[in-house]
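No lab work stands behind these numbers, since they all come straight from the coordinates. All figures in this text were calculated on a predicted structure; none of them were measured in a lab. All Cβ positions, even for glycine, are placed from backbone atoms using ideal geometry, and neighbour counts span all protein chains on display.
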Amino acid sequence: MKIKTLLLGICSFIMSASAQTIVDEVSYSNTDEVKTHHVHLELDVRFDKKVLKGFVEHQMTWVSPDANTLVLDTRDLVIDKVEAKEGEKWVPLKFQLAKRDPALGSKLTIDMPKQYTTVRVHYQSQPQASGLQWLKGEQTAGKKHPFMYSQSQAIHARSWIPVQDTPAMRVTYTARITTPKPLLAVMSADNSKNTELDGDHEFSMPQAIPPYLIAIGVGDLKYKRMSKQTAVFAEESILDAAVAEFDDTQKMIVANEELYGPYLWGQYDLLILPPAFPFGGMENPRLSFITPTVIAGDKSLVNLIAHELAHSWSGNLVTNATWRDLWLNEGFTSYVENRVMESLFGRRRAVMEQALSVADLKEELAHLPADDTRLKLPLNGRDPDEAFSGVPYVKGQLFLIYLEEKFGRERFDPFVKKYFDDHAFKSLTTEMFIEYLQEHLLKPYPNVVSMDKINEWIFEPGLPADAPNPTSDAFEKVEEEQKAWLAGKKKLKNLSAKKWSVHEWLYFINTLPRDISRDRMAMLDNAFKLTNSSNAEIAFAWFRLAIGNNYPAITKSLENHLVSIGRRKLIVPLYKQLAEHSKEKRVWALEVYKKARPGYHPLAQGTIDALFKG
Ligand code: BES
Ligand code: ZN
């Protein structure tokens, strides 16, 4: 055994022995002394000022008899007053708001002369809240009414609610939200179908969730049911298209349940956001938030729905205790997502999706600092957003595929199911997972996978030499045809491209030689209209090739893509490539960015600002 692996093993043993004390280095909260178990929100949504104003009420349980403060996380909040309930009265409490830390925000310390159990913080958010986006009417599909929504993962809940902002704890919540009259408010809670549009909306989330899953959206939203358990909320003009695209959602729930046990959250709805949404999706419980850029017209990108739904088991039910353990959420979810895609659409498609993600991961691994390629992620005081990459997703997924292959599905599937069951409504660290894995898989089936191997996957950088390497027969055929065309042995019109799926197209484009001639690009473009593809992923892949190659025909459509889409994954790599390519392209990109920036989410603005500064 390598000394280093041995040491890591000992370390993880010691850490798991003291697993009760979970240290979340990006939360100020004193959850070891006092814990909120229920949050009640009363907030007024003020579009004119771009603020939420009202109060949060914390119902708390004291853990330590000597404790005399409540410490909450905040960022850019204005705190008006804090009070505690004493009998029938509210008594004022003293508080201190510390200087703002660039990553963590401002620690709010509330003095507790007695161990009160009900505390209200009256506050308002600010227009620059990192966890909210405020859109003007013209930035929506309907062009008329404003829209606002939250995105709290990882540590942005604190920019719109003073809370103990750590995934190690859970709260139930209720809310009363007031809005301008014609608008609908929805939350990650029960969303009643027949809410009157009277400007007053009430919610209740009876299942305990980590605070990063408290979510809100307000806009000119319509509702359409897809099945008994699933529905879409969206602006009217995209409602039908969304329903048509996502009408397999109920089947996905069924497939997921067959593998991993019952869906425990009742309803599962989708909220389709404006294109400015910086992510593909966000797994807010009972109501996933979804980018409209996956409405491709042919269900080619619905793995996103399988992904957000899978979080109802991995992430929302069984939660990473700290953001260093993000792979427990995202790796498991990517794995489950792909299993569900296999159930619905077959092995061929599932393997294509694996192969595409692994190719992306390998490219990323070549550029990331080694530390950020470990599954157990070192944060070292950084905002978790800064350490974000495909590693927890795809390396995590490959690790689980590795275990699946070693133990066989007949042993691995029941293990994963029991893992979800045994940790339902709990948070756990990587070390706690390792202990569970040892107990329930490695020991019952000895000599299949060693602890050394487990430690290598989790604590070492990069990919183990024997990592699974998914290969797709379909892609091999595409590659053959591509080679024949490049070698002049086959004409474009004789390629089987007409039958290619979006995945095969992505593979074809991504594996073209980066220095392919512009004439050849023009030939492809004429034949297949790639510059104007209505599939955002294909357009993205094509733009990447075209930028590197100075292929001029994309200019207008690239500009349109950058100005109309805010999903980071589809725009940041393009800006980066343009900025690094040449002075001329950098200047052009900056100009486009100037136009696009007001429409981007604060997170996307932050990422791209940094990119042009660097
Ligand atoms: N939970 C994530 C989004 C996220 C991760 C927000 C980390 C903030 C910090 C969501 O489930 C997700 O992974 N979305 C992906 C989906 C894709 C992998 C299918 C996305 O947005 O691209
Ligand atoms: Zn996810």
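Key figures
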| item | result |
| --- | --- |
| Per-peptide average of other Cβ atoms within 10 Å, ordering 369-378, 461-470, 351-360 highest first | 351-360, 369-378, 461-470 |
| Magnitude of the charge dipole, the chain, Cβ model with Lys/Arg +1 and Asp/Glu -1, debye to 20 | 1620 |
| Angle in degrees between helix 473-486 and the longest Cα principal axis of the chain, rounded to the nearest 10 | 50 |
| Cβ charges +1 (Lys, Arg) and -1 (Asp, Glu), total dipole of segment 318-459, debye | 480 |
| Share of pairwise Cα separations in segment 75-171, more than 17 Å, in percent | 60 |
| Distant-in-sequence amide H partners of ILE209 (H built 1.01 Å from N, under 5 Å) | VAL171, THR172 |
| Phi to ³J(HN,Hα) by Karplus 6.51 cos²θ - 1.76 cosθ + 1.60 over segment 223-230, Hz, x for Gly, Pro | 10, 9, 7, 10, 7, 3, 9, 10 |
| Listed residues THR249, GLY199, THR140: farthest to the positive end of the dipole of the chain (Cβ charges) | THR140 |
| Cα radius of gyration and Dmax for the chain (Å) | 24.7, 86 |
| Estimated [θ] at 222 nm from DSSP helical runs (n ≥ 4, -39500 (n - 2.57)) normalised by residues in the chain, nearest 500 | -11500 deg cm²/dmol |
| Nearest 10 degrees, 0 to 90: helix 326-345 Cα axis against the chain principal axis | 50 |
| Dipole magnitude of segment 543-614, debye to nearest 20 (Cβ charges: Lys/Arg +1, Asp/Glu -1, about Cα centre) | 120 |
| Hz values of 3J(HN,Hα) by residue in segment 87-96 - Karplus curve (6.51, -1.76, 1.60), Gly and Pro given as x | x, 8, 9, 10, 10, x, 10, 7, 8, 10 |
| Tail beyond 18 Å, pair distance distribution of segment 356-410 (Cα, percent) | 38 |
| Shape category assigned to segment 115-174 from the gyration tensor of Cα positions, a/c cut at 1.5 | prolate |
| Spatially close lysines, pair count over segment 176-298: Cα under 14 Å, gap of eight or more or interchain | 4 |
| Mean separation of Cα contacts under 8 Å (6+ apart) over length of the chain, as relative contact order % | 12 |
| Under 5 Å, built H, 5+ apart or other chain: amide partners of HIS145 | none |
| Cα long-axis angle, helix 347-365 against the chain (0 to 90 degrees, to the nearest 10) | 80 |
| Range of Cα positions in segment 512-612 per principal axis (Å), largest first | 39, 28, 19 |
| Other-chain or far-sequence residues with amide H under 5 Å of THR319's (modelled H) | LYS426, SER427, LEU428 |
| Quarter of the Cα convex hull surface for segment 404-462, i.e. its orientation-mean projected area (nm²) | 4.4 |
| Mean Cβ count within 10 Å, highest first, over the residues of peptides 551-559, 149-157 | 149-157, 551-559 |
| ³J(HN,Hα), Karplus 6.51/-1.76/1.60, whole Hz, each residue of segment 452-459, x for Gly, Pro | 3, 5, 4, 5, 4, 4, 8, 9 |
